[in-house]
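Notes follow the structure.
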């Protein structure tokens, strides 16, 4: 009888250790799975940032860059009346763009503005383009255009204020 008790204890102990090792393996596989998902999320974010940047990096026309900035700046405020802001952006851009390209520029800028782009990033990416191609008077005009678009939004958002300040600093030098 004592041999059966020892055999039962050995089987029970083996079963407990088997269950513990199986649980440890499951935890290990969950950790590996979590790390894989984190790695995938990091890669997806990196790809998204590159894709976002590629839209802005292909722009080589200062008027189109200004149109994009104005549309993105208008989208920074969630309380803006879309039709009023679009009309103001169109009015402002019509001063600097050719009439035959205005609709195309507005459509492209609105498409870019719907993406995950913020106005400060636009200023950062386009400042060298504006510095190289715009005179000091045209730079001031761009700043006034941005202020006019911001003025249409009730209670300018923090992002708009920061973008205007960044634009002012970028165009000053």
Looking for something assigned by TED's automatic domain parsing to the domain that holds residue 158, under 19 Å from the mean Cα position of the chain (by Cα) and assigned to a helix (DSSP H, G or I) - is there at least one such residue anywhere in segment 75-97? yes
Restricting to segment 97-112, give me the number of residues that are at pLDDT below 85 and within 13 Å of residue 64 (Cβ to Cβ). 2
Quick one: in segment 98-130, of everything that is touching a residue at least 60 places away in the same chain (Cβ under 8 Å) and in a helix (DSSP H, G or I), which residue is nearest to the chain's Cα centre (by Cα)? 121
Close pairs (7 angstrom Cβ cut-off, 6 or more residues apart or separate chains): in the same structural domain as residue 76 (by TED's automatic domain parsing) in segment 140-157, at pLDDT 90 or above and surrounded by fewer than 21 Cβ atoms within 10 Å (Cβ to Cβ) anywhere: 142/130
So which residues in segment 56-73 are at pLDDT below 85 and assigned to a helix (DSSP H, G or I)? 56, 57
Residue under question is residue 25, and the condition is that it be out of contact with any helix residue (DSSP H, G or I) (no Cβ under 9 Å at 6 or more places or on another chain) and surrounded by fewer than 18 Cβ atoms within 10 Å (Cβ to Cβ); does it hold? yes
Checking the condition under 19 Å from residue 56 (Cα atoms) and buried (at least 20 other Cβ atoms within 10 Å of the Cβ), which residue from 89, 149 passes? 89
Selection status of residue 69, assigned by TED's automatic domain parsing to the domain that holds residue 163, closer than 23 Å to residue 171 by Cβ, touching a residue at least 40 places away in the same chain (Cβ under 8 Å) and crowded, with 21+ Cβ neighbours inside 10 Å: yes
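The values are calculated or read from the model by the stated rules, or taken from the named source; none is laboratory data. Keep in mind the model is a prediction, meaning the values are calculated, not measured. Note: ideal-geometry Cβ built from the backbone for every residue, glycine included; neighbour counts use all protein chains shown.
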